[in-house]
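Step one of this worksheet: look at the structure below.
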Amino acid sequence: MQKLVRLFILLVFAFALGVYVTPNASAQEKTAGDKTTVTGCLQKGDEPSEYSITGEDGKTYGLRSRTVKLSAHLGHKVTVTGTVRAESAEKEKGEAAEHGNKEAAEAGDIRVTDLKMVSDKCQ
């Protein structure tokens, strides 16, 4: 009986430790930001000083940058790298409704830190 009580206490402790550690790891990942690379056709976005790109996987991203001159590459096939900020579900629904389809919803916004031109034409 005593072994069963010790086992139960050990399991409760392990569960409590797991619950404590998991949220802290997630918080660190979110604050660090996710770097991503997307290749596609650079287009003008919906807002001033915003551009967009639809990657080869079909996901569309809003692009902004303070360091990379995106306007010089409008209509070019490019590869952009930057930090992703995911769209909130409410904002995605609003954008999709505004444009009348699901494809218009953005997968997120990318703060572009690097751009490489693949081709001067989109295909």
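Derivation of every value follows stated rules applied to the coordinates shown; laboratory data play no part. From a predicted model like this one, the values you see are computed outputs, not experimental measurements. We place every Cβ from the backbone using ideal geometry, glycine too, and count neighbours over all the protein chains shown.
Summary table below
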read-out: Ranked packing of 106-112, 64-70, most packed first, by mean Cβ within 10 Å; value: 106-112, 64-70
read-out: Other-chain or far-sequence residues with amide H under 5 Å of Gly45's (modelled H); value: Glu50, Tyr51, Ser52
read-out: Distance (nanometres) between label positions extended 7 Å along Cα→Cβ at Ala72 and Gln43; value: 2.4 nm
read-out: Sorted peptide list for 43-51, 74-82, criterion being average Cβ within 10 angstrom, highest first; value: 74-82, 43-51
